[in-house]
């Protein structure tokens with residue numbers, strides 16, 4: 001990350017044709033909970049997030065409408081959940097992509113990025129305005145490192 005930018009330009013990402021298993025390896029290896037997904041041209045398609053993955057492990061009743069909030073009557077063991085996880089590891093990432101609500105651009109003013117993060121955004125993709133190509137990611141940690149370690153020290 002350069003001292004003039006809030007966002008990372010060297011970050012993990014997925015292509016839409018990679019598998020859930022590869023996504024999980026990247027998430028575990030990089031200690032992150034979501035990854036940007038791009039098409040063959042590098043354009044952002046959305047984010048691969050754990051929430052969508054976890055939804056595949058839950059009973060359907062837990063996901064309908066307001067869903068069930070108490071699953072104590074379900075007797076799924078850790079081994080059964082592990083089995084469901086292994087069963088979806090060959091699925092393509094594109095089937096798990098969530099559209100992105102917020103993106104920023106390389107020229108987005110820093111204060112707008114601070115506002116997005118303040119309002120609950122987690123990892124925010126940085127995309128080129130014209131092409132939609134993913135060029136970076138910004139997180140709360142990136143912002144903190146930039147502000148704390150910046151030239152004003």
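The values are calculated or read from the model by the stated rules, or taken from the named source; none is laboratory data. What you see is a predicted model; the values in this text were computed from it and never measured. Cβ: placed from backbone, ideal geometry, glycine included. Neighbour counts: every protein chain shown.
Observations on the structure shown:
- Assessment of region 95-110 against the conditions (closer than 20 Å to residue 17 by Cβ and in a helix (DSSP H, G or I)) yields at least one matching residue.
- Region 101-110, subset in contact with a helix residue (DSSP H, G or I) (Cβ under 9 Å, 6 or more places away or on another chain) and in contact (Cβ under 8 Å) with a residue 40 or more places away in the chain, residue surrounded by the fewest Cβ atoms within 10 Å (Cβ to Cβ): 110
- Residue satisfying condition, being more than 16 Å from residue 145 (Cβ to Cβ), surrounded by 14 or more Cβ atoms within 10 Å (Cβ to Cβ), in contact (Cβ under 8 Å) with a residue 40 or more places away in the chain and within 14 Å of the chain's Cα centre (by Cα), within set 19, 15: 15
- Among the residues of region 42-67, just one is in a loop (DSSP other than H, G, I, E, B) and modelled with pLDDT of 95 or more, namely 42.
- Test: residue 70 is at pLDDT 85 or above, loosely packed, with under 15 Cβ neighbours inside 10 Å and not in a helix (DSSP H, G or I): no
- Scan of region 111-148 for residues that are part of a loop (DSSP other than H, G, I, E, B), touching a residue at least 60 places away in the same chain (Cβ under 8 Å) and under 16 Å from residue 47 (Cβ atoms), ordered by number: 122, 132
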